[in-house]
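Chemist: Below are the structure tokens for one structure; questions will follow.
The values are calculated or read from the model by the stated rules, or taken from the named source; none is laboratory data. Note that this is a predicted model, so its numbers are computed, not measured. In this analysis, Cβ positions are derived from the backbone assuming ideal geometry, glycine residues included, and neighbour counts consider all displayed protein chains. We work out accessible area using only protein heavy atoms, side chains counted, and drop any ligands, DNA or RNA first. Shrake-Rupley method; radii C 1.70, N 1.55, O 1.52, S 1.80 Å.
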Amino acid sequence: MPHARLSRPGALGEGGWGRWQARGHSESEARPPPPSALAPLDVSSASCTPTAHLRRGPPARARAGALHLPYGQHPSLPRRSANGMQPRCLRDRAVAVVVVVVVVLVVECCCLPLPLPSPPAMSTKHIYPPTHPSLVLPTLRALLLTNPHLALHAPSKTILLRTPPAAAAAAAVPVLCGGGSGHEPFAAGYVAPGLLTAAVSGEVFASPSARQVSDAIALLAAQYPARGVLVLHNNYTGDCLHFGIGAEMARAAGIDVQTVVQSDDVSLPRARSAKVGRRGLAGIVLTCKILGAASSAGLSLAELKTLGDTVNRYTATIGTGLDHCHLPGTAPSAWEPLNGNDLELGMGMHNEPGVRLVRGGMGSAELAREMLALLLADDAERGFLRWEEADKTPSGSGGPVLLVNNLGGISNLELSAFCSEVLDQLAHAHALRPARVYAGTYLTSLNSPGLSITLLNTAAVHRALPAAGVLDLLDSPVDCPAWAGATTFPTCAPDDPPARQGEPIDEPELLAPGPALPATFARQLRTACEAVISAEREMTEWDTVAGDGDCGLTFERGARALLEGLLGEGKGKGKVLAGSALAAAEAARLLESSMGGTSGAILALYCTALSSALADRERPAHTAPQRALDALYQYTPARPGSRTIVDALAPFCAALAEGKGLLEAAKAGMDGARGTRAMRARLGRATYVAGGGEGVPDPGAWGVGVGLVGWAEGA
Ligand SMILES: Nc1ncnc2c1ncn2[C@@H]1O[C@H](COP(=O)(O)OP(=O)(O)O)[C@@H](O)[C@H]1O
Ligand SMILES: O=C[C@H](O)COP(=O)(O)O
């Protein structure tokens, strides 16, 4: 949105220092994995010298009880034609609104799922066409070429330090961070000595898979065998599931792992975020720096965990978006709500809404006032940061830390001017003077025209942990281009070879095959996957309205992975499977490694549990889906009525368990998915949307519903 601006022309005073760090306000200013568990594996690096080699593992057998999932291909995503742009003028919008209202009314009367307006034209505002394969690996490779101190383990999309650690560093606890891509320079850009030891990346706005996480941990445990691995990630359902399972897999292999989950957002009052907790936002960058420096200073795994949790406890962030960002490879949404000067107060880092949509926007001073009021509120719903008067000014080694972060699309000029406004208001309206100020592009939401303000109350951290020395940890020098002040890396010769791909390792474990596959298996799988692929657009649309806009693509990746991995379509080799339990296990592996996101974790867990249930020949096969659902319930609080995938799965499983036919059961599942239209989300990203997504179906439930119907119709 080229005209989006934070400030009205002439409304701001002087600004224009791009990224700065002010200090002038201050008055003074484990256990190692067993050797047998660590099999050799190349870690590729694009560097000035030959490829670095790390030892890694563990092989499949060493991880009893864990999920073993090979990496999937990330196929290109063929999609609609690109030939125009979104309607922009008000008249077009008005016409569109009238059309949508009429369509909604007609649909409501017919009790049909909400159809979409005719396909909008593909955005032309991307360099890469929608058919282009994933951009994640090319992005990581570019990071290597511009940062010769880094290496890439391509199968797990893990960036790590190239240089084998010196003796002192080898004794340190490695810090692994990660999450979905699209937030660059976070997290891979912060891999540097004294900051992160490694970062693992998922697809755009989707968590890395559990297998990626467990392999990243294994790589670090092999390189830093002394004291365990600290894992840091943001509080999103997909991240929590995949990092949680990945950490469990690593623990099963004998690696000591502790996890810190960042949750600094203050946009949602406690009443609305009770089940999911607060979202993690740009505050995680401060936690990365503090933990990285503390690890270099020699803190133990347990001490780092306590420090990370405490820093998170006293960090608060509030965001604002002037428009949504657009994911490469998806159609523009016909329901984009941010028109003209509209802004979303409290916007998250994946387009999620927060506090409220402000029609017509507001001036920069008013915006800063509202954001700071939310950040510094001390009421029961939003009083996340407790400030004592003495905490608000620099003293000794403490004082507030301010981070004004560009979500990707605000000019440096405006960001810096806004930072100035924030500092003025903090001083005059809140008597708060930061000891450190960071302003720049630290964690983005693709190219969102938006920003966030983060405050860290270091005095409160020091009350809990007197020796923490948070400002010293923030100040300790690092050679990291993405962090303020780092410029000293040697340049890389232009003819250096690009990163070599490492090889995937684990082969699936052998399970009991379970009941024979139906003769129509291939046809059923094809119709199910094709149904899911054709539903991509509407699912993406609904996830844009009540989520982060990636659900359709996530399901499409899963469906294509099944077609390739099980039926040999596209570039796949296919697989001959001796029974239904093996097919379900293979499906779990393919879904887990291809999808990412919450839905990828939930469906992979479900299929893994289904595989075990089918392998149990003592109990009837038609109850296996219900038994698998009961097993899934150990991992998610979602139940019928929570507006999730479970709303489609549960009626399907129940109908089969009651002895109903496959088609009848699948229709019950689809009815369950339709029913989510009237539900308010209690879990997942739709929780953040006012109304909890009510009015559109839950995209995950929809994907499962259409898949089940496709599966039954192919029989
Ligand atoms: N806790 C949960 N348990 C089960 N399903 C969930 C949960 N949270 C969200 N979902 C489902 O996941 C779907 C979104 O999937 P996806 O787009 O992969 O998630 P993400 O928000 O992580 O990008 C939702 O439509 C909902 O059906
Ligand atoms: O960037 C996105 C997050 O790191 C992953 O969140 P998700 O998998 O829950 O969508």
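Chemist: Could you run the Karplus curve 6.51 cos²θ - 1.76 cosθ + 1.60 with θ = phi - 60° over the stretch 182-195 and give me ³J(HN,Hα) per residue in whole Hz, x for Gly and Pro?
Modeler: Running phi through 6.51 cos²θ - 1.76 cosθ + 1.60 with θ = phi - 60° gives x, 10, 3, x, 4, 9, 4, x, 9, 7, 6, x, x, 10 Hz.
Chemist: Could I ask something else about it? Whole-Hz Karplus ³J(HN,Hα) for the stretch 307-312, in order, using 6.51 cos²θ - 1.76 cosθ + 1.60 and θ = phi - 60°, x for Gly and Pro?
Modeler: Each residue of the stretch 307-312 in turn: 4, x, 4, 6, 4, 4 Hz.
Chemist: What residues have an amide H closer than 5 Å to that of Thr441, excluding those fewer than 5 places away on the same chain, when H is modeled at 1.01 Å from N in the peptide plane?
Modeler: Counting only residues 5 or more places away or on other chains, the set is Asn406.
Chemist: Report, in debye and to the nearest 20, how large the dipole of the stretch 135-262 comes out about its Cα centre when Lys and Arg carry +1 and Asp and Glu carry -1 on their Cβ.
Modeler: Roughly 220 debye, rounded to the nearest 20.
Chemist: Taking amide H atoms as placed 1.01 Å from N in the peptide plane, list the residues 5 or more away in sequence, or in a different chain, whose amide H sits under 5 Å from that of Val204.
Modeler: Under 5 Å from the amide H of Val204 lie the amide H atoms of Ser181, each far enough along the sequence or on another chain.
Chemist: Hey, another quick one. Read phi for every residue in the stretch 294-303 and hand back ³J(HN,Hα) as whole Hz from Karplus 6.51 cos²θ - 1.76 cosθ + 1.60, θ = phi - 60°, with x for Gly and Pro.
Modeler: 5, 5, 4, 6, x, 5, 7, 4, 5, 5
Chemist: Based on the alpha-carbon set only, what is the convex hull volume of the stretch 177-233 divided per residue, in Å³?
Modeler: Cα-based convex hull of the stretch 177-233, divided per residue, equals 68 Å³.
Chemist: What FRET efficiency, computed as 1/(1 + (r/R0)^6) with R0 = 35 Å and r the Cβ-Cβ distance, is obtained for Ala142 and Ala302, rounded to the nearest 0.05?
Modeler: Rounded to the nearest 0.05, the efficiency is 0.45.
Chemist: Now, a different point. Cross-link partners among lysines for Lys392, C-alpha distance below 27 Å, same-chain residues fewer than 8 apart left out?
Modeler: Hits, sequence-local ones excluded: Lys289, Lys305.
Chemist: Running Debye on the stretch 135-262 with equal point scatterers at the Cα sites and no solvent, what base-10 log of I(q)/I(0) appears at q = 0.13 Å⁻¹?
Modeler: -0.44
Chemist: So, one more: For the stretch 519-714, just run the numbers: alpha carbon Rg, then divide by 2.2 N^0.38 Å, N being how many residues it has.
Modeler: Here the Cα radius of gyration is 0.95 times the empirical estimate.
Chemist: Ignoring any ligand, DNA or RNA, what whole percent of the accessible area of the stretch 135-262 comes from carbon and sulfur when the probe is 1.4 angstrom?
Modeler: 64 percent
Chemist: On the accessible surface of the stretch 519-714, probed at 1.4 Å, how many percent belong to carbon and sulfur atoms?
Modeler: 55 percent
Chemist: Averaged per residue, what accessible area in Å² does the stretch 216-271 show with a 1.4 Å probe, protein chains only?
Modeler: Accessible area per residue, the stretch 216-271: 21 Å².
Chemist: Now, a different point. Out of residues 5 or more away from Val260 or on other chains, whose amide H comes under 5 Å of its own, with H placed 1.01 Å from N in the peptide plane?
Modeler: For Val260, the qualifying residues are Val231, Leu232, His233.
Chemist: Here are some pairs, Lys575/Lys660; Lys573/Lys660; Lys157/Lys571; Lys275/Lys660; which of them have Cα atoms lying more than 25 Å apart in this structure?
Modeler: Check vs 25 Å cut-off fails for Lys575/Lys660; Lys573/Lys660; Lys275/Lys660.
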